[in-house]
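Below are the structure tokens for one structure; questions will follow.
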Amino acid sequence: MNSEHIKLAARNVDLWFGAKHVLKQVNAAFPQNEVTALIGPSGCGKSTLLRSFNRMHDLVPDVRIEGKLLLEEQDLYDKKASVTQLRKRIGMVFQKPNPFPKSIYENITYGLKINGVPAGQHKEIVERSLKESFIWDEVKDDLDKPAMRLSGGQQQRLCIARTVALRPEVILMDEPCSALDPLSTLKIEELIIKLKEEYTIVIVTHNMQQAQRVADKTYFLYLGEVIENGPTASIFNDPKQQLTKNYVTGHFG
Amino acid sequence: MKKKLAPFIEWGTLLFCTGTVCFFLVVILWDIVSKGASSLSWGFVSTPPANGMTQGGILPAITGTVLLTLITALVATPFGISCAIYLNEYASDNWSARLVRAAIRNLAGVPSVIYGLFGLSLFVQAMHMGTSMVAAGCTLGLLSLPYIITTTEEALRRIPASTREAALAIGATQFESIRDVVLPAALPGILTGIVLTLSRAAGETAPILFTGVAFYINSPSGGLNQEFMALPYHLYMLSTQHQAIEQVRPLAYGTALVLLIVVFLLNLAAFYIRYKHSKK
Ligand SMILES: Nc1ncnc2c1ncn2[C@@H]1O[C@H](COP(=O)(O)OP(=O)(O)O)[C@@H](O)[C@H]1O
Ligand SMILES: [Mg+2]
């Protein structure tokens with residue numbers, strides 16, 4: 001257990017939206033090639049924490065962040081760090097599938113283009129990432145079709161493909177299945193478990209079963225604080241805190 | 001009993017109002033089409049006026065209006081879109097941005113004749129453009145700006161934050177996300193706004209009155225630095241200022257019909273753009 005390599009970490013992170021204190025002294029460490037789930041009732045700050053890792057709050061006026069967020073040893077909020085470079089290393093999949101209003105093919109190549117991947121490699125990367133995301137067979141004949149015509153589950157897998165195409169080190173997922181039907185959800189869960197061989201994954205989920213199915217570690221957040229964390233099985237079967245117990249047994253949330 | 005009657009009264013009122021509006025619309029259209037159709041012919045749209053406007057066609061007025069509208073588009077579109085992008089994507093929502101927005105909205109309410117006066121003093125006199133096509137185009141461009149800014153901003157606002165975030169999350173800069181993702185997604189709305197604005201501008205009389213329109217010019221549509229003829233003004237002259245008003249009335253209606261057709265074609269273009277994009 002001690003040998004595990006911490007890929008992404010938060011140290012004493014506080015975050016305010018205006019006067020609202022949303023994250024309070026959050027400490028978290030996400031090991032490489034593992035899936036870590038963030039659970040907790042709505043509004044407890046799961047998305048906020050996740051989005052602070054790829055600096056999605058940058059465009060929000062009057063947000064204030066204190067503490068350290070680290071990728072390996074690099075300070076994510078270092079003034080000298082390039083935020084676009086950083087987001088290439090830390091990919092994100094959103095709650096609502098948000099493919100670009102372009103063709104399926106362009107959805108993947110757009111990220112390659114702006115990140116300067118030579119055009120000669122595009123075709124191969126498109127195929128590889130669509131295969132990695134378990135959607136190749138469904139779309140291989142329709143690569144020129146608009147991505148918006150795909151079903152919700154296919155769109156979400158395309159969004160995952162778009163992310164893995166850039167070979168990030170970490171993939172952040174914010175309730176990636178909450179807008180999907182059970183079958184698509186199952187497919188995405190399989191995919192997540194497959195993806196952790198290559199990537200470090202942090203996933204926010206509302207679904208207790210899902211957390212138990214996919215996550216190695218689980219963090220329970222409540223009102224902006226990390227209440228408890230540990231191996232998923234012990235969080236669900238043997239919680240130390242009363243709050244955690246109430247939540248995982250469905251007494252609130 | 002009351003409960004049963006109420007829906008019929010509500011429904012009836014709405015239907016009555018809609019019907020009234022449609023009735024007047026049809027009457028206006030019918031009036032212009034029936035009186036103008038007789039003078040409409042290939043010669044009418046392809047030859048200049050003759051015999052002191054009592055005969056001949058309106059070719060210079062058509063080319064004048066088309067060219068003028070083009071200049072208006074060239075002036076208003078780049079500035080309008082840039083301004084809207086700045087306001088909606090970059091400016092933070094503070095009092096100064098709100099002030100600018102309120103000012104733009106107020107500009108949209110300024111009577112067009114005042115734009116004419118302003119164009120006269122700025123473009124014609126101060127900038128030495130003289131009464132000319134460019135001066136009038138710039139004036140109409142100014143008049144169109146607030147509408148284009150407002151409709152573009154509206155179109156940009158309809159693009160959800162998640163679309164912008166999708167681009168940012170794969171390493172796009174804010175500018176790239178706007179250029180490559182937000183603008184293309186908002187394009188149908190933006191184009192619709194531009195075309196509808198231009199079709200209004202094409203029908204304006206007051207702003208070009210002081211800045212370059214002429215009752216009659218000899219050479220069919222001269223250079224950009226010369227005076228020009230335009231459909232709305234031609235119509236105004238034919239129907240109120242001509243020495244033989246009764247005689248030229250059919251020509252006036254023909255001109256009105258052509259102006260309507262030009263505006264209708266522009267609206268059709270807007271409709272087509274929206275239709276094409278709704279299928280994507
Ligand atoms: N951009 C924002 N501005 C102000 N408050 C926000 C913003 N985003 C989130 N919040 C607030 O922060 C709190 C945590 O939200 P969030 O992280 O989305 O919760 P969740 O755990 O459901 O994902 C909520 O109270 C929410 O209202
Ligand atoms: Mg959330």
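The values are calculated or read from the model by the stated rules, or taken from the named source; none is laboratory data. This structure is a prediction, so every number in the text was calculated from the model and none was measured. Here the Cβ is made from the backbone with ideal geometry for all residues, glycine too, and neighbour counts use every protein chain on show. Just so you know, the surface numbers come from the protein's heavy atoms only, side chains and all, with ligands and any DNA or RNA stripped out. Shrake-Rupley method; radii C 1.70, N 1.55, O 1.52, S 1.80 Å.
Kindly indicate whether any position in region B:61-76 is open to solvent by 90 Å² or more (accessible area, probe 1.4 Å) and under 21 Å from residue B:155 (Cα atoms). Outline the logic, then answer.
Looking only at region B:61-76, we keep the residues that are open to solvent by 90 Å² or more (accessible area, probe 1.4 Å), and these are B:70, B:74.
Those still in the list that are under 21 Å from residue B:155 (Cα atoms) too: B:74.
Checked region B:61-76: at least one residue is open to solvent by 90 Å² or more (accessible area, probe 1.4 Å) and under 21 Å from residue B:155 (Cα atoms).
Taking residue B:153 and the conditions (1) touching a residue at least 12 places away in the same chain (Cβ under 8 Å); (2) within 14 Å of chain A (Cβ to nearest Cβ), which numbered condition does it fall short on, given that it satisfies the others?
Single failed check for residue B:153: (2).
Check region A:23-30 and report whether any residue there is within 13 Å of ligand 1 (Cβ to nearest atom), touching a Gly at 6+ places or on another chain (Cβ under 7 Å) and not β-branched (Val, Ile, Thr).
Looking through region A:23-30, at least one residue is within 13 Å of ligand 1 (Cβ to nearest atom), touching a Gly at 6+ places or on another chain (Cβ under 7 Å) and not β-branched (Val, Ile, Thr).
Under 6 Å by Cβ, and 6 or more places apart or on different chains, what pairs join a residue from region B:169-190 that is of a type in the set (Asp, Glu) with one that is open to solvent by 20 Å² or more (accessible area, probe 1.4 Å)?
Note: pairs meeting the criteria are B:176/A:114.
Next question. Among the residues of region B:112-157, which ones are small (Gly, Ala, Ser) and closer than 20 Å to residue B:198 by Cα?
Passing the criteria: B:112, B:116, B:119, B:132, B:135, B:136, B:137, B:141, B:144, B:155.
Of the residues B:105, B:98, only one is in a helix (DSSP H, G or I), free of Cβ contacts under 8 Å to residues at least 12 places away in the same chain and open to solvent by 70 Å² or more (accessible area, probe 1.4 Å); which?
B:98 is the lone residue from the list that is in a helix (DSSP H, G or I), free of Cβ contacts under 8 Å to residues at least 12 places away in the same chain and open to solvent by 70 Å² or more (accessible area, probe 1.4 Å).
Go through (1) of a type outside the set (Phe, Trp, Tyr); (2) within 14 Å of chain B (Cβ to nearest Cβ); (3) within 10 Å of ligand 1 (Cβ to nearest atom); (4) crowded, with 21+ Cβ neighbours inside 10 Å and name the single condition residue A:18 misses.
(4)
Can I ask one more? Residue A:50: modelled with pLDDT under 95 and within 10 Å of ligand 1 (Cβ to nearest atom), yes or no?
no
Moving on. Look at region A:17-64 and say how many of its residues are away from ligand 2 (no atom under 16 Å from the Cβ), under 28 Å from residue B:90 (Cα atoms) and not in a strand (DSSP E or B).
7
Okay, moving on. Do any residues in region A:72-88 that are more than 8 Å from chain B (Cβ to nearest Cβ) have Cβ atoms under 8 Å from those of residues that are part of a helix (DSSP H, G or I), where the two are at least six apart or on different chains, and which pairs are they?
From residues that are more than 8 Å from chain B (Cβ to nearest Cβ), the pairs are A:76/A:53; A:76/A:86; A:83/A:58.
What is the number of the single condition among (1) open to solvent by 50 Å² or more (accessible area, probe 1.4 Å); (2) without any contact (Cβ under 8 Å) to a residue 24 or more places away in the chain; (3) more than 9 Å from chain B (Cβ to nearest Cβ) that residue A:122 does not meet?
It is condition (1) that residue A:122 fails.
Let me confirm something: among B:121, B:199, which residue is small (Gly, Ala, Ser), within 25 Å of the chain's Cα centre (by Cα), closer than 30 Å to residue B:258 by Cα and away from every other protein chain (no Cβ under 14 Å)?
Of the residues listed, the single one that is small (Gly, Ala, Ser), within 25 Å of the chain's Cα centre (by Cα), closer than 30 Å to residue B:258 by Cα and away from every other protein chain (no Cβ under 14 Å) is B:199.
Per-residue answers, yes or no, for (1) within 15 Å of ligand 1 (Cβ to nearest atom); (2) under 19 Å from residue A:218 (Cβ atoms); (3) buried (at least 21 other Cβ atoms within 10 Å of the Cβ):
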site	(1), (2), (3)
A:41	yes, yes, no
A:45	yes, yes, yes
A:59	yes, no, no
A:62	yes, no, no
A:65	yes, no, no
A:70	no, no, no
A:73	no, no, no
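Assuming residue A:84 fulfils every condition listed in (1) more than 16 Å from ligand 2 (Cβ to nearest atom); (2) at pLDDT 95 or above; (3) in contact with a Ser or Thr (Cβ under 9 Å, 6 or more places away or on another chain); (4) open to solvent by less than 40 Å² (accessible area, probe 1.4 Å) apart from one, which condition is it?
That leaves (2) as the condition not met.
Here's a check for you: in region A:205-253, which residue that is among the hydroxyl-bearing types (Ser, Thr, Tyr) and loosely packed, with under 15 Cβ neighbours inside 10 Å is modelled with the highest pLDDT?
Among those that are among the hydroxyl-bearing types (Ser, Thr, Tyr) and loosely packed, with under 15 Cβ neighbours inside 10 Å, it is A:234.
Could you count how many residues in region A:91-105 are closer than 20 Å to residue A:167 by Cα, open to solvent by 10 Å² or more (accessible area, probe 1.4 Å) and more than 7 Å from every other protein chain (Cβ to nearest Cβ)?
The qualifying residues number 2.
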